[in-house]
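Structure first, then comments.
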Protein chains: 2
Amino acid sequence: MSEIPYKIYLEENEMPTQWYNVRADMKKKPAPILHPGTLQPVTVDDLKPIFCEELAKQELDDVTPYIEIPEEIRNFYRMYRPSPLVRAYCLEEKLQTPAHIYYKFEGNNTSGSHKLNSAIAQAYYAKKQGLKGVTTETGAGQWGTALSMACSYFGLDCQVYMVKCSYEQKPFRREVMRTYGAQVTPSPSMNTNVGRKINAEFPGTTGSLGCAISEAVEAATTQEGYRYVLGSVLSQVLLHQSVIGLETSTALKKYGIKADTIIGCAGGGSNLGGLISPFVGEMLRGEANYEIIAVEPASCPSLTRGKYAYDFCDTGKVCPLAKMYTLGSAFIPSANHAGGLRYHGMSSIVSELYDQGLIKARSVEQTSVFEAATTFARVEGILPAPESSHAIKVAIDEALKCKETGEAKNIVFGLTGTGYFDMYAYQAYNDGTMTDYIPTDEELAKYMSSLPTV
Amino acid sequence: MSEIPYKIYLEENEMPTQWYNVRADMKKKPAPILHPGTLQPVTVDDLKPIFCEELAKQELDDVTPYIEIPEEIRNFYRMYRPSPLVRAYCLEEKLQTPAHIYYKFEGNNTSGSHKLNSAIAQAYYAKKQGLKGVTTETGAGQWGTALSMACSYFGLDCQVYMVKCSYEQKPFRREVMRTYGAQVTPSPSMNTNVGRKINAEFPGTTGSLGCAISEAVEAATTQEGYRYVLGSVLSQVLLHQSVIGLETSTALKKYGIKADTIIGCAGGGSNLGGLISPFVGEMLRGEANYEIIAVEPASCPSLTRGKYAYDFCDTGKVCPLAKMYTLGSAFIPSANHAGGLRYHGMSSIVSELYDQGLIKARSVEQTSVFEAATTFARVEGILPAPESSHAIKVAIDEALKCKETGEAKNIVFGLTGTGYFDMYAYQAYNDGTMTDYIPTDEELAKYMSSLPTV
């Protein structure tokens, strides 16, 4: 038994009391987000009709390094945080690697993922502003579940537009949200103008994330006392998710461990950005150096094959434009089972860090991801979410490289959640019917050729 | 913020190194289990063809108070234990009760319940004995999942006979087991004599737990190098589950908390017995006193309405007889959603403690249980298993009594697991279609009139 425990749990008094805003330490900041009408940088006033005022301020603040976590949010965090930093002794043994592998496990809460870290913050500011409720969209359902829990805690109404095919095919996620008191509406619905229009144009459509976003935004802006909230991509979300990286950093320091390689899966960038922020901060301030790897699905390769350009954040083109690595807002990812990683773009913070060469990116195919997930589950016990398993795949690859070189690297990865609601995906893998899909250069070029001219 | 944290986590060096065998401190021991053929007390030799030898010894040992937890098992425990003892601050606030409510949460592992505590022990002894694998049955699937994880860890073959209707209706549980490498067979199958016989007699049957047990026992005894394992009822299982109570007791002592009321759900008795063992030990040794409440479903009320008598442990009457509170081995509980509590009998240890007046019992109806579950989920975050929610219901009832009397009692209950694979049940509750069922006295009398004469 090593002196490093299987699970490093911080004491409650070691938990962060401030979020870290990595933008403050960036000399070259992420490009400003632009108003979709004027193409000028948005102001807090522009964002106020859609977002809570405090969240709009956080979205645009790229100078304040630390922002106080309100006590009410810290109290909620205490119900499921600190999350453990786990030493993967059994995985190391299985791989026979000299590397030391650690993972920050964010799945030990009913929402099953890290999404709760930002959901509770967004719900808090909505409540503080005196709102009645919030609206959002959800695809796979992790964000919707997290938001339902957060709203239930603060007594806020929660309206979730759930992509119709997910609503029908993932009844369990839907019921978790309903148990937390959320109104879950299959999208496109007859509640909104945009929903009615789409239903009329495409009878029998099973919906899309882009349509659900448009419905949620319309519902927020047409009901008194409602605002729209979003679970990834935005800089405010990465700010809240910095709690992951801050806890990881404190836990490593507590045991005198210096990470060499830090790995996270990346869809919109919420988990990756949160995990790496404090470490990138050290790099930006010249205090330390890390190898940071963002892992994305080969079927939706925004960092590894996209363009760094201004693009719309939503398919419906009603939201602001952000400069980011993007495959084009019309890009429809194939039905990869990692629903949480099927976004055409990437957080503007993560995009800028990647552009500056501070982080690397790698894309992996889904059957290899499920192979890694199964290996991990069998030795470490936890059944990982498909999204998280992208990070596992690369962590295993890196540990196997260490086996060849003999290096005892410290590899840290983010295990964002559990796969209990993704068993159809595991079934496809178990049955040997899972396939991979990599878009061709021609396909990608088609969508990227129509990026907006800014 | 009180000085008692939201979650009390023991350090790894505070975890138990020995299980506690409450039988050793009982002056009047549970009655011996009897051989189904001879009706004489069974010996280790009688049990060896079915159970691993070490487990057979543990089953019959009612004198050794502490039994060393082998290091290999303690290493596995470290992957998901210690489990937190949570102070339910938010539930207390919601109820406006002066009571202090604590729950020992056993659901933070992929099997989703406390079952893993015994599964890993049983798999370890099977491996140590040089066996190839083990067989078992599963209904709802918690035990099968836990055993699959444990066998995967030790590289043992795991054959699970899953009641056919569950196999078809709960594909997710099945896929978790398959991901851990288990062979999951719908029961009745064509693999065994008993399965073929039942399929021939009742074409199209969807199976029963009794039939699945019979198939698993046949499979264990007819394959070289296999033994049968069971997840509840047995005294060896309660021994392994004492890790729950031992951790709870240590955590309470660490913060100077004296429990007044201890509450657990009870089906076969594995969770309840494990949780209460160390506390009952204190009572038996005259060191302390506690109010202990076993909570069972009104649809399957073995303690509150059963007879204390010798009965068969299985419907097929091939297993030994135990003296226990029973509704008769032919009793078929109604389709209560808490699948883990639908057993006709009760652990002989729990039965004897109940008969001696050391514990109380209460039965509750399922709609009230889901009401309590929903209240709990909304404020405490965790979506509880239907089984665990029986304990929540009574904990809330007791906390509300404290509100009337003004007593600041310390209420401790066992939260055995999560409900992620029970969302059909939550859906029925959310839709308002859930019903209650209480068997009539006449129905119960019918089954209890045919108890074996010993």
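Read-outs: derived from the displayed coordinates by stated rules, not from any lab. From a predicted model like this one, the values you see are computed outputs, not experimental measurements. Cβ placement follows ideal geometry from the backbone for every residue including glycine, while neighbour counts extend to all protein chains displayed.
Figures for the structure shown
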item	result
Where only alpha carbons of the range A:1-65 are counted, the Rg and the Dmax (Å)	18.6, 62
Amide proton proximity set for A:Ser363, modelled H, under 5 Å, gap of 5+	A:Glu296
Simple label model, 7 Å out from Cα along Cβ direction - B:Lys28 to A:Lys94, nm	5.0 nm
Neighbour-count ranking [beta-carbon atoms within 10 angstrom, fewest first] of B:Ser148, A:Ser232, B:Ser208	B:Ser208, A:Ser232, B:Ser148
Label zone at A:Glu287, where the point sits 7 Å out along the Cα-to-Cβ direction: the range A:344-368 residues whose backbone N lies under 19 Å	A:358-359
10 Å Cβ neighbours from other chains, averaged over peptide A:379-385	5
5 angstrom amide H check on A:Leu234, placed H, neighbours 5+ away	none
Chain B: angle of helix B:386-405 to the longest principal axis, Cα-based, in degrees nearest 10	30 degrees
FRET efficiency for A:Thr222 and A:Ser450, using Cβ-Cβ distance with R0 set to 30 Å, rounded to 0.05	0.55
Lysines with Cα under 26 Å of A:Lys317, excluding same-chain neighbours fewer than 8 positions away	A:Lys29, A:Lys48, A:Lys57, A:Lys115, A:Lys164, A:Lys197, A:Lys307, A:Lys446
Relative exposure of A:Glu296, A:Glu442, B:Glu291, judged by other C-beta atoms within 10 Å (fewest first)	A:Glu442, B:Glu291, A:Glu296
Of every Cα-Cα pair in the protein assembly as shown, the percent that sits beyond 38 Å	42 percent
Per-copy distances of the A:Asn410 label point, shortest first, in nm (7 angstrom along Cα→Cβ)	3.8
Theoretical FRET efficiency, 1/(1+(r/R0)^6), r = Cβ-Cβ of A:Asp431 and B:Gln356, R0 56 Å, to 0.05	0.60
Relative contact order of the range B:297-454, defined on C-alpha pairs under 8 angstrom at six or more residues apart (%)	27 percent
Stokes-Einstein D for the range B:297-454, Kirkwood Rh over Cα pairs, 37 °C, 0.692 mPa s (µm²/s)	194 µm²/s
Karplus 3J(HN,Hα) series, Hz, for the range B:175-192 with 6.51 cos²θ - 1.76 cosθ + 1.60 (x for Gly, Pro)	5, 4, 4, 5, 4, 8, x, 6, 8, 10, 10, x, 10, x, 10, 9, 7, 10
Degrees, to the nearest 10: A:366-380 long Cα axis against longest axis of chain A	50 degrees
The range A:193-262: C-alpha gyration tensor shape, a/c 1.5 cut-off, then a/b vs b/c	prolate
Relative exposure of B:Val134, A:Val217, A:Val350, judged by other C-beta atoms within 10 Å (fewest first)	A:Val217, B:Val134, A:Val350
The range B:1-68, relative contact order in percent, only Cα pairs under 8 angstrom and at least six apart counted	42 percent
The range A:275-389, relative contact order [Cα under 8 Å, separation at least 6], %	26 percent
Shielding by other protein chains, A:173-181, mean Cβ within 10 Å	6
Per-copy distances of the B:Val63 label point, shortest first, in nm (7 angstrom along Cα→Cβ)	8.1
Label geometry 7 Å along the beta-carbon vector: A:Tyr255 inter-copy distances in nm	2.4
With Cα atoms, 0 to 90° folded angle of helix B:209-222 axis to chain B main axis	60 degrees
Ratio Rg/Rh, restricted to the range B:237-325 and using Cα atoms, in which Rh is the Kirkwood radius	1.04
